[in-house]
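Comments concern the structure below.
The values are calculated or read from the model by the stated rules, or taken from the named source; none is laboratory data. For clarity, every value in this text was computed on a predicted model and none was experimentally measured. Here the Cβ positions follow ideal geometry from the backbone for every residue, glycine too, while neighbour counts run over all protein chains shown.
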Amino acid sequence: MTIELLILVAGAGLIVDTSTARVVVAYVIIVGLVAVLAAPATLSASLTLAFFAATCVLKLVAAPIALWEFARRNAAARSLRPAIGLPVRLIVVLAVVFAAQLVPRVPGLGSISHAALAAYVVLCGLAVLVVHRNLLAQVIGLLVLSSGVTLAGVVSAPQLPEAVELGAAFDVLVVTFIGLALVRAMITENPLLDIESLRRLRG
Amino acid sequence: MTTVLVVIAPLAAALLTMLFRPLDVRRIARIVLAVAAAALPLSLVGRADWLSLLFAGIVSVIGFLATVFSTGMYSVDWGRGRAMWTRKSVYFVLLGTFWSAMLLVVLATNFGALWFGIAATTLATAFLVGFSGDVSALEAAWKYLVLCSVGIGLALLGIVLLGRVSLELGLDPAHALEWSAIAQHHLTKAAPPAALATAIMLIGFATKAGLVPMHAWLPDAHSKAPAPISALLSGVLVSCSLYAIVRTLSVAETLGAGDTFRQLLLAFGVASIVVAGALMLVQRDLKRLLAYSTVEHAGIVALALGFGGPLGLTAALLHLVGHAFAKSAAFFAAGLVQSASGSTALSALNGQWNRGLPGRFLLGALVALGGLPPFALFVSELLVVAAGIAAHQWLALGMAALGVMLAFAALARAGIAIESGDAARESGVRLGEQPSGMSIGAAAAALVCAAALAVVPWTGALR
C-alpha cells in the first residue's frame, strides 16, 4: 500500500511539477519502486537477473545522471516549461488516476494484481510527453512509459521475465542515449529545447 | 545458427568493409560484400516459412540496391584519405545495422524477437534521418524517435498481454510468444484480453508503419533522410511494420479476436488513404509528396487486410511488395534529381523529362505509385477492390476510392510537370553533379522489379 501511494504521489509530481531536478527525483522514485515490485519475478533465472540488473543500472543510475548533468550544464533545461496551466495539469492527474482505476474492469485484466498501478505508470509516462514543452520531458516521459510497460509485463506474465526485461533494457538504451545525443545536437539551434520549435515541421 | 548469420551479415559486411583502406578498393569490397549479404537469405529456403522468405527477399534486394545507390551517389562526398572511421563509413555501418534489424523482424519466429528487431531499426534510423546534421533533419529525427518509441513501447505492452493469454491457454513459457505455437489453438470465443492485447500491438506497429493518426513522424523523417535511407524507410521499414501487423492479425484470428482487429484495420486504412490523399495535394516538396504517398499505400494494405479472406491477404501482400519496389525507385529517382538539380521542390521538376534519365525514372516511379499498368500496384489495387466487394464493405471502399483519386491527382500533377515544359532551365535552379552509373542502375533495377511483379498473380505463386 505504501508503494502504491508513493508511486501515486511521484506520478502526480511528474505531471504537475516544472523543475527538471524535482521531476528527475520523482522519476527515480517511480522507477525504483517499480524495480522493487518487479524484482521477485526476476530471481528465477540468472539470465533474467542479469537483464534486470542491467536495466536497473541504466534506469536508476545512468539515465538520471545523464539527465541531471545535462540540466546542470544547460540552463534552459532546468525548467520543463509546461504547455498547460497548473489547474489543467491537476485535472490531467485526476484523469490519469480515474482511467487507471478502470483498467482492472476490462474483461480478463481483473485478476492481474497491480494492473491499475501499471496502467497508472504507463499513463503518467504518456501524460508527461504532452504536458511539458521541454524536450527533456519527452525523454523522461518515454522512460516512465517503459517502466510502466515493465511493471505491466511482470505482473501480467511473470513467467516471461526475459522478454520483458530485455525489452525494457533496450528501450531505455535507445531512448536515453539517442534522445540525449539528438538534444545535444539540437541545442545550438534550439537553445530553449522547446517542442514548439518542431512545429515548423508539419506532420 | 544459419538464421543468425543471415541476420548479422549486412552489419558484418559494413564493418568488414572498413578494413579495406584505399577508397576505391573499399567501394568494390562494399558492393561484393553487400551481394553476399543479400544472397544469404536464399540459404533459408525450405527452413523459414514462405512469408518470412518473401519479406527477407524484399529487405535484401532493396537493402542491396540502397547500398549500391549510396556507393555511387556518395562517391565524391566525405572521402577522407585512408582513415577507417570516416563519416561515410559510419553511414554505411548504420545502413548495415538498419538492414540487419529489418532481417531480424522478418525472420523472427516469435513476437519477442520481432519486437526487438523493430526497436533496433529505431536505433539506426534515428541517426540516419538526422545524418545531414541540418537542424530540420535533427528535429525530424527527434519526432521520429519520440513517436516511434511510444509506438514500440505500446507494442511491447501488447506483446506481454499476449504472453499472458498464451500462458492461460497452457502454452509453455518458452513458446508463449511464438505465432506457430499459438496457431495450434483454435478458439470459437475470444480469450478475454486477446482483443485488447492484439489491438494494442496493432496501434504500436501501426505507429511504425505510419498509419493515420499515428503518422505525424513519417513525412518529416522520410523527407529529411538521405534518398537511399528514405527508400529503405518508405519501401522496406513500412513493409516490415505491416508484416508485423500481418503476423498479429493471424494470431488475433486464432484467438477469436479477428473481427475487432479487422475493424480497426479498416478504420486505420480508410483514415490513412483519405488524409494522405488530401495532404498530397498541398505538398510543395517531392520527397514529402512521396512520404505522404507511403502513408496512403500503407493505408491500402491495411484496408486489404481489413477486408479479410484469401483475396484480401493476396492483395495486401502483392501491394506491399509492389509498393516496396516502386517507392524505392521513386526515392532513388528523387535523389538523382536532387543531385542533378540541387532541389526537391516540385516547382523544380518542370521539364525534368528532357534533362535525362533521373526525370524519366521519376516519372516511371510516379506512374507505378499511381497504380497504372504495367506496374504491380495496378494489379494489387484491382485485387483490393475485388476483396472489398467480396466483403461487402461498400462505405470503406467508397471512401478509399476518394482518397486514392486525390492521391492520383497529386501524383499526376507532379508527373505532368516532369513531362512538360522546361522551366527548370529558367528557374535559376543550381545544376549539380551528374549522378553515377551505379546510382542510376539501382533506380532502374527497382523500377523494373516494380513492373515485373505485375505478372506474379498470373503465375499462381500467391495462391
Original post:
Is there a residue in region B:177-192 that is under 21 Å from A:Leu135 (Cβ atoms) and among the hydrophobic types (A, V, I, L, M, F, W, C)?
Top reply: no
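This table checks each residue for (1) in a helix (DSSP H, G or I); (2) in contact with a Gly (Cβ under 8 Å, 6 or more places away or on another chain); (3) small (Gly, Ala, Ser); (4) more than 24 Å from A:His132 (Cβ to Cβ).
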{"site": "A:Val28", "(1), (2), (3), (4)": "yes, no, no, no"}
{"site": "A:Val61", "(1), (2), (3), (4)": "yes, no, no, no"}
{"site": "A:Ala66", "(1), (2), (3), (4)": "yes, no, yes, no"}
{"site": "A:Ala76", "(1), (2), (3), (4)": "yes, no, yes, no"}
{"site": "A:Pro87", "(1), (2), (3), (4)": "yes, no, no, no"}
{"site": "A:Val93", "(1), (2), (3), (4)": "yes, yes, no, no"}
Original post:
Hey, which of the helices (runs of 4 or more DSSP H) in region B:186-250, taking only ones fully inside, have at least 2 residues that are more than 24 Å from B:Val135 (Cβ to Cβ)?
Top reply: B:194-209
Subject >> Residue selected from region B:152-176 under the condition more than 9 Å from every other protein chain (Cβ to nearest Cβ) and crowded, with 24+ Cβ neighbours inside 10 Å, by the criterion farthest from B:Leu237 (Cα to Cα) >> reply: B:Gly158
Subject >> B:Trp179, sole failed condition from (1) within 10 Å of chain A (Cβ to nearest Cβ); (2) farther than 17 Å from A:Ala118 by Cβ; (3) at pLDDT 85 or above >> reply: (1)
Original post:
Considering region B:202-217 alone, what residues qualify as being at pLDDT 90 or above and crowded, with 24+ Cβ neighbours inside 10 Å?
Top reply: B:Leu202, B:Gly204, B:Phe205, B:Ala206, B:Thr207, B:Lys208, B:Ala209, B:Gly210, B:Leu211
Subject >> Single unsatisfied condition, B:Ser136 versus (1) buried (at least 24 other Cβ atoms within 10 Å of the Cβ); (2) in contact (Cβ under 8 Å) with a residue 60 or more places away in the chain; (3) within 7 Å of chain A (Cβ to nearest Cβ); (4) of a type in the set (Ser, Thr, Tyr) >> reply: (1)
**OP:** Please determine, by comparing only the residues of region A:19-70 that are of a type in the set (D, E, K, R) and over 22 Å from A:Pro82 (Cβ atoms), which one is nearest to the chain's Cα centre (by Cα).
**Re:** A:Lys59
**OP:** Can you run down the residue pairs with Cβ atoms below 6 Å, 6 or more apart or on separate chains, where the first is in region B:193-220 and over 19 Å from B:Ala231 (Cα atoms) and the partner is among the acidic types (Asp, Glu) and surrounded by 24 or more Cβ atoms within 10 Å (Cβ to Cβ)?
**Re:** none
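Condition check ((1) in contact with a helix residue (DSSP H, G or I) (Cβ under 7 Å, 6 or more places away or on another chain); (2) assigned to a loop (DSSP other than H, G, I, E, B); (3) at pLDDT below 60) across all residues:
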| residue | (1), (2), (3) |
| --- | --- |
| A:Ala169 | yes, no, no |
| A:Leu173 | yes, no, no |
| A:Leu180 | yes, no, no |
| A:Arg184 | no, no, no |
| A:Thr188 | no, yes, no |
| A:Glu196 | no, no, yes |
Original post:
Quick one: which of B:Ala183, B:Ala120, B:Ala199 is under 21 Å from A:Leu182 (Cα atoms), surrounded by fewer than 24 Cβ atoms within 10 Å (Cβ to Cβ) and small (Gly, Ala, Ser)?
Top reply: B:Ala120
**OP:** Please identify the pairs in which a residue from region B:327-348 that is of a type in the set (Val, Ile, Thr) has its Cβ atom under 7 Å from the Cβ atom of a residue that is surrounded by fewer than 20 Cβ atoms within 10 Å (Cβ to Cβ), counting only partners at least 6 apart or on another chain.
**Re:** B:Thr344/B:Asp285
Original post:
Mind checking which pairs have a first residue in region A:129-145 that is more than 10 Å from every other protein chain (Cβ to nearest Cβ) and a second that is acidic (Asp, Glu), Cβ under 6 Å, 6 or more apart or different chains?
Top reply: A:Arg133/A:Asp194
Original post:
Tell me, which residue of region A:106-163 that is β-branched (Val, Ile, Thr) and assigned to a loop (DSSP other than H, G, I, E, B) is surrounded by the most Cβ atoms within 10 Å (Cβ to Cβ)?
Top reply: A:Ile112
Original post:
Consider B:Leu395 against the criteria (1) surrounded by fewer than 24 Cβ atoms within 10 Å (Cβ to Cβ); (2) touching a helix residue (DSSP H, G or I) at 6+ places or on another chain (Cβ under 8 Å): it satisfies all of them except one. Which criterion is unmet?
Top reply: (2)
